[in-house]
1. Consider S197 against the criteria (1) touching a Ser or Thr at 6+ places or on another chain (Cβ under 9 Å); (2) without any contact (Cβ under 8 Å) to a residue 24 or more places away in the chain: it satisfies all of them except one. Which criterion is unmet?
2. Pick from segment 185-208 the residues that are under 19 Å from D284 (Cβ atoms) and among the aromatic types (F, W, Y): which of them is farthest from the chain's Cα centre (by Cα)?
3. For a quick check of your reading of the model, give me the residue pairs whose first member lies in segment 268-282 and is in contact (Cβ under 8 Å) with a residue 24 or more places away in the chain, whose second is of a type in the set (D, E, K, R) and in a loop (DSSP other than H, G, I, E, B), with beta-carbon atoms closer than 9 Å and at least 6 apart or on different chains.
4. Can you confirm whether T216 is part of a strand (DSSP E or B), of a type outside the set (A, V, I, L, M) and either loosely packed, with under 14 Cβ neighbours inside 10 Å or in the same structural domain as I78 (by TED's automatic domain parsing) (or both)?
5. Considering only segment 142-160, state which residues are loosely packed, with under 14 Cβ neighbours inside 10 Å and outside any helix (DSSP H, G or I).
6. Any residue in segment 249-263 that is surrounded by 11 or more Cβ atoms within 10 Å (Cβ to Cβ) and assigned to a loop (DSSP other than H, G, I, E, B)?
7. Answer yes or no: is there a residue in segment 97-104 that is loosely packed, with under 11 Cβ neighbours inside 10 Å, farther than 22 Å from G81 by Cβ and among the small types (G, A, S).
8. Counting only residues that are assigned to a helix (DSSP H, G or I) and surrounded by 15 or more Cβ atoms within 10 Å (Cβ to Cβ), how many does segment 161-189 have?
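The values are calculated or read from the model by the stated rules, or taken from the named source; none is laboratory data. All figures in this text were calculated on a predicted structure; none of them were measured in a lab. Counting neighbours? That spans all protein chains shown, and the Cβs are built from the backbone with ideal geometry, glycine included.
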Amino acid sequence: SDPYPVPIPVLGHVNTGTLANSKSPCNIVCVLVTVLPWISEQFVVAAQKQTLKNVTEYITDIICKRAELGYNYGVILIPEGLIDFIPEVQQLIAELNEILAHDTVDEAGTWKKKLRSQSQQLFDFLPQAIQEQLLLERDPHGNVQVARIETEKMLIQMVETELESRKIAGAYKHHFQGQSHFFGYEGRCGLPSNFDSNYCYSLGYAAGALLHSGKTGLISSVGNLNAPVEEWTVGGTALTSLMDVERRHGAPFKKFASVRDEWAIKNRYVSPGPLQFSGPTANDINHTLMLELEAQA
């Protein structure tokens with residue numbers, strides 16, 4: 001049941017989409033457990049004010065570097081909401097919503113003149129299929145349905161275009177075949193681990209005990225999670241104490257950031273195997289929680 005390093009046999013590069021919002025640790029968990037070459041996190045893209053072209057070029061750079069080492073394959077993890085965290089895309093969508101609320105999109109494209117020059121350049125940079133999604137698929141309020149934009153497929157098309165340009169310039173001589181998968185709900189339908197079950201049961205039992213004793217205004221809490229279940233501490237935390245702004249140090253992401261460049265180029269894949277319900281690893285806590293607890297120690 002212990003993780004062991006194995007090469008992942010894939011043809012070309014695989015862009016994998018996961019259903020993860022800005023607060024979700026889903027992608028960091030995946031990349032730390034399986035040691036993937038690259039991952040894109042929404043909060044990094046937003047904080048660094050990266051453009052869609054920046055993201056495309058970075059992925060392309062990694063593909064080219066790996067190709068030089070003979071690694072014409074790899075897995076790239078893309079969170080579903082990535083596109084919505086790119087500042088220039090947010091601006092484009094806002095402008096499109098305003099234009100389409102009052103005007104008709106004509107085939108001649110005269111409506112584009114109402115876009116800012118930067119937004120128009122971005123729109124022209126997008127693959128045609130994505131342009132059509134932005135213009136045609138609207139919600140009942142007339143707004144762009146960002147959730148329906150298949151980010152992983154969009155990035156593959158944009159990377160293909162960039163690689164073709166580099167091939168013409170003589171900077172890339174290999175063949176690229178991108179494949180996309182979307183695992184938006186597979187993670188949600190997975191069985192809970194022993195830790196998950198014990199943790200949720202403890203929270204529910206604590207909530208019932210607090211209500212039974214007439215304690216209100218509290219949220220059930222469980223501590224000392226890195227110890228055996230018998231040594232966990234259970235109690236209630238005042239809701240008002242949770243109203244402070246918390247600056248998280250992000251131990252899991254710091255761990256990934258420290259090895260990101262190496263993992264992007266070299267093969268460090270790990271196959272963690274299926275979830276274990278018995279044996280030496282059955283009661284292990286999840287990887288990111290372990291890193292957070294170590295950082296607090």
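1. (1)
2. Residue satisfying both the conditions and the ranking: Y201.
3. P272/D2; G273/D2; Q276/D284; P280/D2; T281/D2
4. Details: part of a strand (DSSP E or B): no; of a type outside the set (A, V, I, L, M): yes; either loosely packed, with under 14 Cβ neighbours inside 10 Å or in the same structural domain as I78 (by TED's automatic domain parsing) (or both): yes.
Spelling it out, it is not the case that T216 is part of a strand (DSSP E or B), of a type outside the set (A, V, I, L, M) and either loosely packed, with under 14 Cβ neighbours inside 10 Å or in the same structural domain as I78 (by TED's automatic domain parsing) (or both).
5. Correct list: G142, Q145.
6. The answer is yes, given that some residue of segment 249-263 is surrounded by 11 or more Cβ atoms within 10 Å (Cβ to Cβ) and assigned to a loop (DSSP other than H, G, I, E, B).
7. So in segment 97-104, the residues loosely packed, with under 11 Cβ neighbours inside 10 Å come out as 102, 104.
Those left that are additionally farther than 22 Å from G81 by Cβ: 102, 104.
When the remaining residues are screened for being among the small types (G, A, S), the result is none.
Scanning segment 97-104, I find no residue that is loosely packed, with under 11 Cβ neighbours inside 10 Å, farther than 22 Å from G81 by Cβ and among the small types (G, A, S), so the answer is no.
8. Step one: of segment 161-189, the residues assigned to a helix (DSSP H, G or I) are 161-168.
Of the ones still in play, those that are also surrounded by 15 or more Cβ atoms within 10 Å (Cβ to Cβ) are 162-163, 166.
Adding up the residues that qualify gives 3.
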